[in-house]
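Novice: The structure follows.
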Amino acid sequence: MKKFLISAVACVVAQTGGAFAGGQTLTVYTYDSFVSDWGPGPQIEAAFERSCACDLKFVAAGDGAAVLSRILLEGERTEADIVLGLDTNLTAAARKSGLFAPHGQEPKGLTLPIEWNDEYFLPYDWGYFAFVYDNTRLPEAPGSFKELVEEYPDLSIVIQDPRSSTPGLGLVLWMKMVHGDRAASAWSALDSKIVTVTKGWSEAYSMFLDGEADMVLSYTTSPAYHAIAEGDSSKKAAIFADGNYLQVEVAGKLTSTENGDLADKFLAFMLADEFQSIIPTTNWMYPAALDRNSLPQEFAELPVPEIALLYEDFEAEALRKDAIAEWRDALTR
Amino acid sequence: MARRANPLIALAGAAAIIAVALVTLVPVATLWINSDRLLGRSAEFEVSAADIAALRFTLLQAFLSAAISVVLAVPVARAIFRRKFFGRELLISVLGAPFLLPVIVAVIGLLAVWGRSGWISAVLISAGYERISIYGLSGVLLAHVFFNLPLATRIILQAWSRIPAEHFRLAEQIGMSPSDQFRHLEWPMLRSVAPGAFLLIALICASSFAVVLALGGGPRATTLELAIFEAIRFDFDLGRAASLALVQFAIGVAFAVVVLAGNREIGFGGGIQLNFENWSKNRTWAIAIDAFAIGSLIAFVGLPLLAIFLEGVGKLPTLPPETWPALINSISIAMLSTAVSVFLGLALSVRIASLSRFPGRAVEIFSMLALSASPLVIGTGLFLLLQPFVSPFNLALPVTALVNSAMSMPLIVRILLPACRRTVEVYGPLVDSLGIRGWSAIRLVYWPSLRSPAGFSAGIAAALSMGDLGVVALFAPPEFATLPLVVYRLMGAYRTDQAEGAALLLVMASFALFFAFDRGGRLGHHA
């Protein structure tokens, strides 16, 4: 037992000690999948450290919502200089906390399908939510949200819970935006097609891959993963004529940072080509400021919705409670 | 009967109670005190209709899950107890396996068998029937029985083997029919052990969250744990989270009081546990019933495990390099947590057994409270408590060991307490009259008869700790990953295949630990 104790202590010490070769340390809080070996984190860290003579330290703190709640818990005492990985459903709450400073940048060359005017948060990637399907199992998919709700009686879908998952919340807002006051009845009509509602994206997606449902709420960029990493072109995203809702992932600088200049440098680096070109095949989202021609071929070939839907963050924040209640009541009846 | 406490045991027992308080009352209090820290500031606690619905569903599914698990466990445990068959010892060990599966892995395994595209549906479709759909209450119950039937079986099986064999021999000799034997020997035993097992499972199921969502089919199946999650993660409302956590504790205590109040301990006295062949079990129908019970159990528990194995085994060679340090981290944490939790759990159980009825029950119920604690509340509460003083990253190991130990305390106490009560009852007077004290009392008297349940509970504690994900998240230093975290990260990055491989590795490692402890405890014993 003693040996195990020692090895446990040793591995914690080894991992907190960390490599720190002089110069400043920039601490970036982000979500788990960003920092994993196969995520963007390691490449971005290497690229930034080449140019900054500093130590870039990513701290993973669960998913996007967990990152924000951690910052709120830590308050002014936080070690973080930058938070990377919130989406526009969380930015209103984040701004209200007063913990974030204006980014002070003038972003150029943004390739989002919407205008970006946020003074506090800068986007680094984005994607359209979409229902993803396998065209060997489902030859023909709905062409609009309206069709999804009203037609295809035998279709089965799996979605995420808006109370525990950001895609789930995105879907509820998407429904609200497309169906407005009729959202509740649209949810009731959709109810019979919903196989189940999962805690997070991972459970839903793996249930879809295992054949539990015809479609899963994910992103239009999901098929690019299967095409590039698995050489599988059977996964498709349904493009809706009445629009697909957006998710925009952003980063912000904390007011409490003592490395303001370095933080600014990182935010600028975030929108530079080097960072941006790492994003598609590691985070599987569209980079926020990369020319379309520089995208990997499989990304460039993805079908693109004509209508991009997104509430302003303060609207999303104001609508959230009621939209979730509407969803819950419709599916509980 | 109250007996003077051994000082060493009293001290460790008190430490165990403090550990339980640190994961239950302390985090909730911390959340209350800090309720103005975050954005949400609901001064008064509103209970919405949705909360009531969640509460009702929580109670319903917890009650049914526990009742079904315990009722089914009786014939299964009886069959395993009285039959000798090839692989019996292995089966008893494998019974620990479902309990230690990480939720997401168990769901995948269950769906491979019971899902819309699962094996059973495939058979039905090829035979011309409709596919089955388990989503809804039935899916939730299926998963909870899958997790907990084996646990209930193990607990009841241990109780069965605590009936001195001499009693069965005597019953045979005086010509008791099997139903008389059941009424006079087995039923009183069940009455003393089944309520505890029921309570344990009901509390485990009441705080279930991800399984309920995945298989529950939608917001009709919602538990309080989800409301707590939402309050912390999206509403940033610590006060509401604390209130909900209190409601969850109140449910736990209410369950415990109702179940344990009517629970009567039963003394069978001692025996030298001679081997004894019970002849009436060899009637044809008895053999048929036992074979059916054991066969059904193997199919029910074994098929999803087989599915997990088949999905994962081909992907083991493709695991990413970060899997291996994560495996070592997980094992190290599990070993540390297990050492702490078994030490504290043993002391607490012996202490409870030596207390008189009322204080004994009160401490027992308090120790069960950890099962009703929300991992997210614990993590958030301890984080708020410690972060002003120390960097949480420096506390990853002690906090994880503490929390894991306290979280497994209810299980350990549940498994050890019946054996402790019996030991205290049988040997207590002897210990007192011989004046054996301190460490020698534990070593010479308690340990030999507690070894087998202690091994089982160490196995459970180790496996629980291996599968744990929730609490450490806030304390884990950068780059410090545990194996369950790697599984979730892989799964969250489309790498389902590798995730299934890593999940299998996690299952195998947890099972190896469980097996080592459990078998270690049972060597030379009759389960």
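The values are calculated or read from the model by the stated rules, or taken from the named source; none is laboratory data. Nothing here was measured: the structure is a model prediction, and the numbers come from that model. Because the Cβ atoms are built from the backbone with ideal geometry, glycine has one as well, and the counts that use them run over all protein chains shown.
Novice: Does the range B:476-509 hold any residues that are facing another protein chain (nearest Cβ under 10 Å), in contact with a Leu (Cβ under 8 Å, 6 or more places away or on another chain) and modelled with pLDDT under 85, and which are they?
Specialist: To start, the set of residues in the range B:476-509 that are facing another protein chain (nearest Cβ under 10 Å) comprises B:476-481, B:485-500.
Those still in the list that are in contact with a Leu (Cβ under 8 Å, 6 or more places away or on another chain) too: B:476, B:485, B:487-488, B:496, B:498-499.
Residues satisfying the conditions are B:ALA476, B:LEU485, B:TYR488, B:THR496.
Novice: Okay, moving on. Hey, any hits in the range B:426-435 for a residue that's within 27 Å of the chain's Cα centre (by Cα), more than 9 Å from every other protein chain (Cβ to nearest Cβ), assigned to a helix (DSSP H, G or I) and aliphatic (A, V, I, L, M)?
Specialist: Filtering the range B:426-435 down to residues within 27 Å of the chain's Cα centre (by Cα) leaves none.
Looking for residues that are within 27 Å of the chain's Cα centre (by Cα), more than 9 Å from every other protein chain (Cβ to nearest Cβ), assigned to a helix (DSSP H, G or I) and aliphatic (A, V, I, L, M), one finds none in the range B:426-435, hence no.
Novice: Mind checking which residues of the range A:27-58 are among the aliphatic types (A, V, I, L, M) and over 17 Å from the mean Cα position of the chain (by Cα)? Quick ask: steps written out before the conclusion?
Specialist: Taking the range A:27-58 as the starting set, the residues that turn out to be among the aliphatic types (A, V, I, L, M) are A:28, A:35, A:44, A:46-47, A:53, A:56.
Result: A:ILE44, A:ALA46, A:ALA47, A:ALA53, A:LEU56.
Novice: Here's something else I'd like to know. State whether one or more residues within the range A:211-226 are more than 14 Å from every other protein chain (Cβ to nearest Cβ), without any contact (Cβ under 8 Å) to a residue 60 or more places away in the chain and either assigned to a strand (DSSP E or B) or over 15 Å from the mean Cα position of the chain (by Cα) (or both).
Specialist: No, the range A:211-226 contains no residue that is more than 14 Å from every other protein chain (Cβ to nearest Cβ), without any contact (Cβ under 8 Å) to a residue 60 or more places away in the chain and either assigned to a strand (DSSP E or B) or over 15 Å from the mean Cα position of the chain (by Cα) (or both).
Novice: Which residue is farthest from the other protein chains (Cβ to nearest Cβ), if the candidates are limited to the range B:204-222 and must be of a type in the set (Gly, Ala, Ser) and at negative phi?
Specialist: Filtering the range B:204-222 for residues of a type in the set (Gly, Ala, Ser) gives B:206-208, B:210, B:214, B:216-218, B:221.
Restricting the remaining residues to those that are at negative phi gives B:206-208, B:210, B:214, B:216, B:221.
Working: B:ALA206: 17, B:SER207: 14, B:SER208: 11, B:ALA210: 5, B:ALA214: 5, B:GLY216: 7, B:ALA221: 9 Å.
Per the stated criteria, the residue is B:ALA206.
Novice: Let me ask something else about it. Could we say that B:SER449 is touching a Lys or Arg at 6+ places or on another chain (Cβ under 8 Å), hydroxyl-bearing (Ser, Thr, Tyr) and either assigned to a helix (DSSP H, G or I) or on the phi > 0 side of the Ramachandran plot (or both) here?
Specialist: On the way: touching a Lys or Arg at 6+ places or on another chain (Cβ under 8 Å): yes; hydroxyl-bearing (Ser, Thr, Tyr): yes; either assigned to a helix (DSSP H, G or I) or on the phi > 0 side of the Ramachandran plot (or both): yes.
So B:SER449 fits the description; yes.
Novice: Can I ask one more? Mind counting the residues in the range A:110-131 that are among the aliphatic types (A, V, I, L, M) and touching a His at 6+ places or on another chain (Cβ under 9 Å)? Even if it seems obvious, please write down each step before you answer.
Specialist: Within the range A:110-131, the first condition is being among the aliphatic types (A, V, I, L, M), and the residues that meet it are A:110, A:112, A:114, A:122, A:130.
Next, only the ones that are touching a His at 6+ places or on another chain (Cβ under 9 Å) stay: A:122.
Within the range A:110-131, residues that are among the aliphatic types (A, V, I, L, M) and touching a His at 6+ places or on another chain (Cβ under 9 Å) number 1.
Novice: Then there's this: Going through B:SER367, B:SER337, B:SER349 one at a time, which residue ends up being assigned to a helix (DSSP H, G or I) and within 14 Å of chain A (Cβ to nearest Cβ)?
Specialist: B:SER337
Novice: Name the residue, out of B:LEU327, B:LEU316, that is within 12 Å of chain A (Cβ to nearest Cβ) and out of contact with any strand residue (DSSP E or B) (no Cβ under 9 Å at 6 or more places or on another chain). Before the answer, list the steps.
Specialist: On the way: B:LEU316 fails: within 12 Å of chain A (Cβ to nearest Cβ).
Just a single option satisfies the conditions, and that option is B:LEU327.
Novice: Just wondering, is there one or more residues in the range A:316-326 that are in contact (Cβ under 8 Å) with a residue 12 or more places away in the chain and touching a strand residue (DSSP E or B) at 6+ places or on another chain (Cβ under 8 Å)?
Specialist: Taking every residue of the range A:316-326 in turn, none turns out to be in contact (Cβ under 8 Å) with a residue 12 or more places away in the chain and touching a strand residue (DSSP E or B) at 6+ places or on another chain (Cβ under 8 Å).
Novice: Okay, next question. Can you say whether A:TYR152 is out of contact with any Gly (no Cβ under 9 Å at 6 or more places or on another chain), among the hydroxyl-bearing types (Ser, Thr, Tyr) and part of a loop (DSSP other than H, G, I, E, B), as far as the supplied structure shows? Full working, then the answer.
Specialist: Working: out of contact with any Gly (no Cβ under 9 Å at 6 or more places or on another chain): yes; among the hydroxyl-bearing types (Ser, Thr, Tyr): yes; part of a loop (DSSP other than H, G, I, E, B): yes.
So A:TYR152 fits the description; yes.
Novice: Do we have A:ARG320 as within 14 Å of chain B (Cβ to nearest Cβ), among the basic types (Lys, Arg), touching a Pro at 6+ places or on another chain (Cβ under 7 Å) and assigned to a helix (DSSP H, G or I) here?
Specialist: Details: within 14 Å of chain B (Cβ to nearest Cβ): yes; among the basic types (Lys, Arg): yes; touching a Pro at 6+ places or on another chain (Cβ under 7 Å): no; assigned to a helix (DSSP H, G or I): yes.
So A:ARG320 fails the test.
Novice: Here's something else I'd like to know. From the list B:ILE108, B:ILE92, which one is within 24 Å of the chain's Cα centre (by Cα) and closer than 19 Å to B:ALA499 by Cβ?
Specialist: Values: B:ILE92 fails: closer than 19 Å to B:ALA499 by Cβ.
Criteria check complete, one pass: B:ILE108.
Novice: While we're on this one: Just checking, how many residues over the range A:59-89 are under 9 Å from A:TYR29 (Cα atoms) and more than 11 Å from every other protein chain (Cβ to nearest Cβ)?
Specialist: 6
Novice: Taking the options A:PRO287, A:PRO296, name whichever one is at pLDDT 95 or above, away from every other protein chain (no Cβ under 14 Å) and in contact with a helix residue (DSSP H, G or I) (Cβ under 7 Å, 6 or more places away or on another chain).
Specialist: On the way: A:PRO296 fails: at pLDDT 95 or above.
Going through A:PRO287, A:PRO296 in turn, just one is at pLDDT 95 or above, away from every other protein chain (no Cβ under 14 Å) and in contact with a helix residue (DSSP H, G or I) (Cβ under 7 Å, 6 or more places away or on another chain): A:PRO287.
Novice: Taking B:ALA66, is it more than 14 Å from chain A (Cβ to nearest Cβ), in contact (Cβ under 8 Å) with a residue 12 or more places away in the chain, part of a helix (DSSP H, G or I) and surrounded by 20 or more Cβ atoms within 10 Å (Cβ to Cβ)?
Specialist: Numbers: more than 14 Å from chain A (Cβ to nearest Cβ): yes; in contact (Cβ under 8 Å) with a residue 12 or more places away in the chain: yes; part of a helix (DSSP H, G or I): yes; surrounded by 20 or more Cβ atoms within 10 Å (Cβ to Cβ): yes.
Against the criterion (more than 14 Å from chain A (Cβ to nearest Cβ), in contact (Cβ under 8 Å) with a residue 12 or more places away in the chain, part of a helix (DSSP H, G or I) and surrounded by 20 or more Cβ atoms within 10 Å (Cβ to Cβ)), B:ALA66 qualifies.
Novice: Then there is this: On the basis of being under 27 Å from B:MET491 (Cβ atoms), at pLDDT 95 or above and among the small types (Gly, Ala, Ser), does A:ALA237 make the cut? Quick ask: steps written out before the conclusion?
Specialist: Details: under 27 Å from B:MET491 (Cβ atoms): yes; at pLDDT 95 or above: yes; among the small types (Gly, Ala, Ser): yes.
Yes; evaluated as a whole, the condition is true for this residue.
Novice: Okay, moving on. Quick one: B:ASP518 ticks every box in (1) within 24 Å of A:MET285 (Cβ to Cβ); (2) crowded, with 22+ Cβ neighbours inside 10 Å; (3) of a type in the set (D, E, K, R) bar one, so which box is it?
Specialist: (1)
Novice: Scan A:PRO113, A:PRO142, A:PRO123 and give me the residue that is modelled with pLDDT of 95 or more and in a loop (DSSP other than H, G, I, E, B). It would help to see each step written out before you state the result.
Specialist: On the way: A:PRO113 fails: modelled with pLDDT of 95 or more; A:PRO123 fails: in a loop (DSSP other than H, G, I, E, B).
When all the criteria are applied, what remains is A:PRO142.
Novice: Something else now. How about the range A:32-58: which of its residues are surrounded by fewer than 22 Cβ atoms within 10 Å (Cβ to Cβ), within 10 Å of chain B (Cβ to nearest Cβ) and modelled with pLDDT under 90?
Specialist: A:ASP37, A:TRP38
Novice: Another question, if that's okay. Restricting attention to the range B:76-85, does a residue exist that is part of a loop (DSSP other than H, G, I, E, B), surrounded by fewer than 24 Cβ atoms within 10 Å (Cβ to Cβ), hydrophobic (A, V, I, L, M, F, W, C) and touching a residue at least 12 places away in the same chain (Cβ under 8 Å)? Can you show your working first?
Specialist: Filtering the range B:76-85 down to residues part of a loop (DSSP other than H, G, I, E, B) leaves B:83-85.
Next, from what is left, pick out any that are surrounded by fewer than 24 Cβ atoms within 10 Å (Cβ to Cβ): B:83-85.
Still in the list and also hydrophobic (A, V, I, L, M, F, W, C): B:85.
With touching a residue at least 12 places away in the same chain (Cβ under 8 Å) added as a condition, the list becomes B:85.
Yes: one or more hits.
Novice: B:TRP119 fails exactly one of the following numbered conditions: (1) hydrophobic (A, V, I, L, M, F, W, C); (2) within 24 Å of A:GLY200 (Cα to Cα); (3) surrounded by fewer than 23 Cβ atoms within 10 Å (Cβ to Cβ). What is the number of that condition?
Specialist: B:TRP119 satisfies all of (1) hydrophobic (A, V, I, L, M, F, W, C); (2) within 24 Å of A:GLY200 (Cα to Cα); (3) surrounded by fewer than 23 Cβ atoms within 10 Å (Cβ to Cβ) except (2).
Novice: Would you check which residues across the range A:266-282 are surrounded by fewer than 22 Cβ atoms within 10 Å (Cβ to Cβ) and in contact (Cβ under 8 Å) with a residue 60 or more places away in the chain and list them? Walk me through how you get there before you give the answer.
Specialist: We begin by selecting, within the range A:266-282, every residue surrounded by fewer than 22 Cβ atoms within 10 Å (Cβ to Cβ); these are A:267-269, A:271-274, A:277-278, A:281-282.
Listed by number, the residues that qualify are A:LEU267, A:ALA268, A:PHE269, A:LEU271, A:GLU274, A:ILE278, A:THR282.
Novice: I'm told A:GLY170 meets every condition in (1) touching a strand residue (DSSP E or B) at 6+ places or on another chain (Cβ under 7 Å); (2) part of a helix (DSSP H, G or I); (3) in the same structural domain as A:ASP273 (by TED's automatic domain parsing) except one. Can you identify the failing condition by its number?
Specialist: In the conditions (1) touching a strand residue (DSSP E or B) at 6+ places or on another chain (Cβ under 7 Å); (2) part of a helix (DSSP H, G or I); (3) in the same structural domain as A:ASP273 (by TED's automatic domain parsing), A:GLY170 misses (3) alone.
Novice: Let me spell it out: the conditions are (1) surrounded by 19 or more Cβ atoms within 10 Å (Cβ to Cβ); (2) closer than 30 Å to A:THR282 by Cβ; (3) not basic (Lys, Arg), and A:TYR120 meets all of them except one. Which number is the exception?
Specialist: If we test A:TYR120 against (1) surrounded by 19 or more Cβ atoms within 10 Å (Cβ to Cβ); (2) closer than 30 Å to A:THR282 by Cβ; (3) not basic (Lys, Arg), just (1) comes out false.
Novice: Looking at the range B:160-199, which of its residues are within 31 Å of the chain's Cα centre (by Cα), assigned to a loop (DSSP other than H, G, I, E, B) and among the hydrophobic types (A, V, I, L, M, F, W, C)? If you could, list the steps in order and put the result at the bottom.
Specialist: Narrowing the range B:160-199 to residues within 31 Å of the chain's Cα centre (by Cα): B:160-165, B:167-168, B:181-199.
So of that shortlist, the ones also assigned to a loop (DSSP other than H, G, I, E, B) come out as B:163-164.
If the condition is that a residue be within 31 Å of the chain's Cα centre (by Cα), assigned to a loop (DSSP other than H, G, I, E, B) and among the hydrophobic types (A, V, I, L, M, F, W, C), then B:ILE163 is the only one that fits.
Novice: What pairs can you find where one residue is in the range B:126-138 and within 14 Å of chain A (Cβ to nearest Cβ) and over 24 Å from B:PHE63 (Cα atoms), the other is surrounded by 10 or more Cβ atoms within 10 Å (Cβ to Cβ) and of a type in the set (S, T, N, Q), and their Cβ atoms are less than 9 Å apart, with a gap of 6+ or different chains?
Specialist: B:GLU130/B:SER121; B:ARG131/B:SER117; B:ARG131/B:SER121; B:ILE132/B:SER121
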